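Step one of this worksheet: look at the structure below.
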Amino acid sequence: MPEISRGENPPSEPSTKNSDKMAETSAGESESTPENQSELFDSSKMRKTKPGIKRLSLTLCVLFSFLLGFPFLLKSVEIYRSPLPFKYMDSLSSVIESEPLLFPCRFQAVFLGFNDELNDADKLGSLIADRMREVVGHDRACGSCRNNFTVSVSLELEKGCVQSENGENGCLWQCGLLKDADVATKWKDDDFVDELLDNALSGGQKCSGSNGKVYSIVVVEKDEEVRAVVGKHRHGWIIGKLSKEEAVERVAEIFVKVFINGGKEEGSIHGEFMPVGADGRVVLSFSLLNADPHDWIYNWDFQRVNEILVTPVVEALAPIANISVESQILYHTPKSFFSHWDDQRGAYIYDSKDLPFFVNSNEWHLDTSTAAGGRSKILHIVVYIPSERECPLLLQLPNGEISMTNGFISPMWGGIIVWNPSGCSGHSGTTTDGRHTIPFKDLENIVEVFMGQLRQLFGLKSEGLYVGSSDRVKLLASERGFSNWELDLLARQHTCFNLQSCATTLGSLSRLVQSLPRMIIKDEIGKQVEYSLQAANFAQSNASVGAYDDSAVLSRQARSLAEDSFFHPSIMSVSYYSFEHCFAVYSPFFLPVALHVLLAAVKEWKRYKQEKSKYLTWKAKEVVS
């Protein structure tokens, strides 16, 4: 039994050796693995853990907070700009500049007392129209009719009345109105004939094409010297022995040179001499100047003068300008030059060389009106009473004659009238004390001179005579200072000038606003531009149908609104406020911090991408192994 036991023990030795070998093998493997791993892992290029995003998220949150706040910053510094109709503003400017405004004119010629050989009214009308076109020529003066006119002719013959076919029913002459025997004997009474023709012509003349305004010439065949007169309304007459050719020539000349051009060769008023402010207002400032109150002090009853003589003029010019009147009396107002004594005339003389120095701006405080604020125009009418040492004071004309009016005008400023008190003499050595009042008769003469000066300031003739190529034409003076046909002329010219000024202003505003994107445009400016465009369009529409007064009023409103929008205080205050200015103001506050946040975000993003690349590299190596 023991032997058997000892015999069974040996087989157990090999298993023990095998287990030892396996243990050695395992120990060998465990000792070789860390060395291999250290050889495969590079800490500069790989990492075993996934990189965190807390730092990146925090940095991006700060960056996005800045980015989200940027629109609020832009909103806080945003410039409000009311939308302007740039297209229509530029269109109006281009249309007005390229195509001068055309006014329709309607003319009518009436021939009385001619023989029956002159019986073709249509042919006679064509001859007059052709001659008118020759006289007009290539005149493109703004405010004229140019070739946009029609001529109708009426012939009162012994056998009946012949009228041209182009005359509308409301515009045709009513035959038989002047057959009264009493009329034939009063053709030399101009005032009587003027009122007679006005009653005859205004009875049936309502022309839709010219808004009721028809300019007529009545040609009367009489065996006497030819005489031409233009009345206070819209008609004239020619009396005398005339052939058909002479009649056509004279009628065409009066139609063009007088009714269209106002008796001026240039045919229009230049814009720089328009005595109306940009807002359509005119202030007539009457000043009575007592040069030396120690000699005498004169007063005047201006309220009566204003009610009787000045108010009709203001009402007549109402469509053209909004006119207000004021008056003042000043003392101690010497002139700024010395006159010289003329023994032959027994008066002190000043000539045209002294006129630029007559107004003494240092002593004459004329601009005292509070009604002439803004862009209103002041026209000064100065009545100058010289001192006793220079009385009488007379104006000598360049031709050596003494001025009948003893006054002169200064374009765009006004006029001056020198009034000498009756009985004054600089060599008498007497002094009149106390206060006096200028007689109303002298005031009427002063206002008459003022009317001539005002007509000149508005570009019309001061004298009642037009000298043409064929003969002289007498122009009757109106009690209002302006005849109806002259008011039509002023309305056409002022309408054209106002629309040109409006178009130029709106075009300049359009270019200015589009060139400065940081300019504030308030809703008030947008409404002013809109209303100005509407008024300009209505003015053009009224002008195209011959409504001269309405077109003048609307064009004045259009110009005033355009000027108000261009010179609005909000535009003038920030006209140079640019984006560079805004950037320069806000960049010191936000740019340094924003730059650091942006750089930090970029840096953190690059770091995160680098760490993530290390982790992906390690994962790839691990999968391969």
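The residues of the stretch 271-458 have, on average, 47 Å² of accessible surface per residue, using a 1.4 Å probe with all protein chains present. Think of each Lys and Arg Cβ as +1 and each Asp and Glu Cβ as -1; about the Cα centre, that makes the dipole of the stretch 227-326 roughly 660 debye. Once backbone amide H atoms are built at 1.01 Å from N, SER327 has PHE286 as its partners under 5 Å, excluding neighbours fewer than 5 places away on the same chain. Considering only beta bridges that DSSP places wholly inside the stretch 271-458, some 20 percent are antiparallel.
Per-residue Karplus couplings for the stretch 390-399, computed as 6.51 cos²θ - 1.76 cosθ + 1.60 with θ equal to phi - 60°, are listed in order as 10, 10, x, 10, 10, 9, 9, 6, x, 7 Hz, Gly and Pro entered as x. DSSP bridge analysis restricted to the stretch 229-356 gives an antiparallel fraction near 35%, rounded to the nearest 5. The candidates TYR531, TYR348, TYR466, arranged from most to least accessible area with a 1.4 Å probe in the full protein assembly, appear as TYR531, TYR348, TYR466. Listed cross-link partners LYS75/LYS606; LYS186/LYS264; LYS213/LYS257; LYS186/LYS222; LYS45/LYS603 are compared with a 24 Å cut-off, the Cα-Cα value being larger for LYS75/LYS606; LYS186/LYS264. For the charge dipole of the stretch 388-524, defined by +1 on Lys and Arg C-beta atoms and -1 on Asp and Glu C-beta atoms about the Cα centroid, which residue among LEU512, GLY400, SER410 has the Cα displaced farthest towards the positive pole? So the residue furthest toward the plus end is LEU512. Across the stretch 222-231, rounded Karplus estimates of 3J(HN,Hα) from the backbone phi angles (6.51 cos²θ - 1.76 cosθ + 1.60, θ = phi - 60°) give 9, 7, 7, 5, 6, 9, 10, 9, 10, x Hz, Gly and Pro being marked x. The share of accessible area on the stretch 470-598 that comes from carbon and sulfur is 61 percent, using a 1.4 angstrom probe.
Taking all protein chains as shown and a probe of 1.4 angstrom, THR150 keeps an accessible surface of around 60 Å². Distances between placed amide hydrogens fall under 5 Å for GLY468 paired with VAL473, all partners being 5 or more residues away or on another chain.
Of the Cα atoms belonging to the stretch 271-458, the radius of gyration and Dmax stand at 16.7, 52 Å.
Rounded to whole numbers, the Karplus 3J(HN,Hα) couplings from phi for the stretch 311-322 are 4, x, 5, 4, 5, 5, 8, 4, x, 8, 8, 8 Hz, using 6.51 cos²θ - 1.76 cosθ + 1.60 with θ = phi - 60°, and x at Gly and Pro.
With N counted as the residues of the stretch 502-625, its alpha-carbon radius of gyration over 2.2 N^0.38 Å works out to 2.23. Net charge near PRO334, counting Lys/Arg +1 and Asp/Glu -1 over other residues with Cβ under 15 Å of its Cβ? So the surrounding residues net to -4.
The fraction of accessible area contributed by carbon and sulfur in the stretch 256-368 is 48 percent, rounded to a whole number (1.4 Å probe; ligands and nucleic acids excluded).
The values are calculated or read from the model by the stated rules, or taken from the named source; none is laboratory data. This structure is a prediction, so every number in the text was calculated from the model and none was measured. Quick reminder, even Gly has a Cβ in these numbers, built from the backbone with ideal geometry, and neighbours come from all protein chains shown. Just the protein is used for accessible areas: all its heavy atoms, side chains included, with ligands, DNA and RNA removed. Shrake-Rupley method; radii C 1.70, N 1.55, O 1.52, S 1.80 Å.
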